[in-house]
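See structure below.
Quick note: the coordinates plus some simple rules give every number you see, no bench work behind them. Given the structure is predicted, the values throughout are model-derived calculations rather than measurements. Because the Cβ atoms are built from the backbone with ideal geometry, glycine has one as well, and the counts that use them run over all protein chains shown.
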Amino acid sequence: MAEKTVLELAALQRPGHSLDRVFYVDKDIFERDIEVIFARQWLFVDHVSRIPTPGDFITFEIGGDSIVIVRGTNGEIFAHHNVCRHRGSIICQKPEGKVRTFTCPYHGWVYDLSGRLVHAKNMGEGFDRSKWGLHSCAVRVTAGLIFIYLGNEKDGPDFAAMEADVLPYLEPHGLTRAKIAHTEVYTTPGNWKLAVENFRECYHCVMAHPEYTAVNAYVKTNDAVPGSFEANVLPAWEEAARDEGFVVGSVALATGLQPYQVRRRPIRDGWQTASKDGQPVAPLMGNLKKFDGAETAVDFMPQFGLHSTSDHTTLIRFTPIDPTHTEMRLTWLVHEDAVEGTDYDVERLKWMWHVTTLQDAELIANNHRGVTSRHYTPGLYSVREEMTAAFIAWYLNRLINE
Ligand code: FES
Ligand SMILES: [Fe+2]
């Protein structure tokens, strides 16, 4: 890295501009990002239906850390650092599976599902197994979504406060009674901040996302006059939707350890769901009695977002792999009773976010290639990139004030 410290570099960034090249490529800054951002956030991992019964586990890799998330004997969910307490071997080698206990492949230490060390041979008299359990992470489950916290929970964001704001919007969608219809991983050769910057703005949508633009009316409305969708279209729709008993409105917290927001808005006149032709692609979810043609969007900045329409939910998880690679993993949920081939078709279900994310993965990769050029200089965000600018301002603030 340059001679300047991360803190000095952060303080030199110009407000309202994209970052200097070093923030997108440097290994030391990436390490700092993991410590200051990702280890201080509630991180979305997966939907509960991925690990339905005791012993079912998944692993989650982030910035060099590996965590195993497992369903315990009594149905509770644990998250353990996947690092043996003996000499540090990775224990679980597979991304998912089912176990009765975790056995380290190196010298055979055995841990139960709750992380307690239950067997370690030849450790001599006086060895106290109870002191050598796996290091665990805090876990929260809300609306069927599993979140973990890598740091010391008492220093973390107030999960209950976020949950109180977000849950009323999610409850009608019945995510606790959902199943995973499809999962797809899009790994892009770009820094995680470029991926988040991309997903925070729709300045690029008309240009780069013809399919998304064709479905979502707000894109062109706001492209013509920024903010006009919220000013002119939303209020009347909200009034009508509220009268019909649907949740409307929005909540946003832009600062703090973990900014988040939730909002609900109509898709397009005549569109029942976010599909190619506006027609349903799956049975109604949750306790919805009819299609309201709207979408609920939730963001837990910067790592997780979801989009719920009346018949399906798309979960979007961002995971930094290294300074120059980011994984975007999308999971589509439908009603737990829906049957593939009869009630839904994966191609129709995933169409909009799949095609859009493929496009975004390429945009992010191009962006990354450009910012690594010696001739890149930070650029100015437009009025339609205010959420991206806010994300960068928040990011720099976290680096400086941590
Ligand atoms: S490192 Fe796991 S048993 Fe030795
Ligand atoms: Fe995009």
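What you get for the chain, charging only the Cβ of Lys and Arg (+1) and of Asp and Glu (-1), is a dipole of about 900 debye around the Cα centre. Per residue, the average separation of C-alpha pairs within less than 8 Å and at least 6 apart gives the stretch 185-333 a relative contact order of 26 percent. Just how far, in whole angstrom, is the stretch 149-226 from the stretch 247-276 if you go by their alpha carbon centroids? For the stretch 247-276 versus the stretch 149-226, the Cα centre distance is 9 Å. Legend: helices of the chain (whole DSSP H runs) are marked when their alpha-carbon atoms reach 15 angstrom or more along the helix axis and their mean Kyte-Doolittle hydropathy is at least 0.0; marked are 159-170, 386-401.
What's the extension gain from R369 to I180 if we count 0.36 nm per residue and subtract their Cα-Cα distance? All intermediate terms of the calculation are to be shown ahead of the outcome.
Numbers: separation 189, 0.36 × 189 = 68.04 nm, distance 3.42 nm.
So the extension gain works out to 64.6 nm.
Once C-alpha pairs closer than 8 Å and six or more residues apart are averaged by separation and normalised to the residue number of the chain, the relative contact order reads 21 percent. Suppose each label sits 7 Å from its Cα in the direction of the beta carbon; what would the I90-A138 distance come out to in nanometres? About 2.7 nm separates the two model spin labels. Counting only Cβ charges, +1 for Lys and Arg and -1 for Asp and Glu, the dipole size of the stretch 42-155 around its Cα centre is about 280 debye.
Structure shown: which of K98/K121; K27/K193; K179/K289; K94/K131; K179/K290 lie over 22 Å apart, alpha-carbon to alpha-carbon?
Numbers: K98/K121 24 Å; K27/K193 14 Å; K179/K289 19 Å; K94/K131 26 Å; K179/K290 20 Å.
Beyond 22 Å between Cα atoms: K98/K121; K94/K131.
Which is farthest toward the positive dipole end of the chain among I58, C84, F291, measuring Cα position about the Cα centre, with Cβ charges +1 (Lys, Arg) and -1 (Asp, Glu)? Of the candidates, C84 comes out farthest on the positive side. Only one residue of H209, S308, S136 has its Cα farthest out toward the positive end of the dipole of the chain, where Lys and Arg carry +1 and Asp and Glu -1 on Cβ, and that residue is S136. Please say if the stretch 129-187 is rounded, prolate or oblate, where rounded means a/c under 1.5 for a ≥ b ≥ c the square roots of the C-alpha gyration tensor eigenvalues, and otherwise the choice is prolate for a/b larger than b/c and oblate otherwise? Since a/c reaches 1.5 but b/c is at least a/b, the shape of the stretch 129-187 is classed as oblate. Remark: the stretch 288-359 carries a charge dipole of roughly 160 debye about the Cα centre, counting +1 on each Lys and Arg Cβ and -1 on each Asp and Glu Cβ.
Once you reduce the stretch 314-354 and the stretch 21-95 to the center of their Cα atoms, the two points are 20 Å from each other. Roughly what percent of Cα-Cα pairs across the chain reach past 31 Å? Percentage above 31 Å: 41.
In plain terms, the chain from D128 to L167 could stretch by 9.8 nm, reckoned as 0.36 nm per residue minus the Cα-Cα distance. Along the axis of the charge dipole computed for the stretch 161-401 (Cβ charges of +1 for Lys and Arg, -1 for Asp and Glu, origin at the Cα centre), the listed residues A164, L175, A393 are led at the positive end by A393.
In this rough spin-label picture, where each label sits 7 Å from Cα along the Cβ direction, the D65-T377 distance is 3.9 nm.
Could you list L330, L315 so that the one with the fewest beta carbons within 10 Å of its beta carbon is first and the one with the most is last? All intermediate terms of the calculation are to be shown ahead of the outcome.
On the way: L330 19, L315 24.
By the 10 Å Cβ count, ascending, the order reads L330, L315.
When you count the other C-beta atoms within 10 angstrom of each residue and take the mean per peptide, 88-98, 33-43, 146-156, 288-298 line up highest first as 33-43, 288-298, 146-156, 88-98. Between A160 and E336, the contour length at 0.36 nm per residue exceeds the alpha carbon distance by 60.7 nm. Computed over the chain, the per-residue total of -39500 (n - 2.57) for DSSP H runs of n ≥ 4 gives a 222 nm mean residue ellipticity of -8000 deg cm²/dmol, rounded to 500.
Which cysteines does the chain leave without a neighbouring Cys Cβ under 4.7 Å? Singleton cysteines: C92, C137. Label-to-label distance for E3 and V118 is 5.8 nm, based on points extended 7 Å past Cα in the beta-carbon direction.
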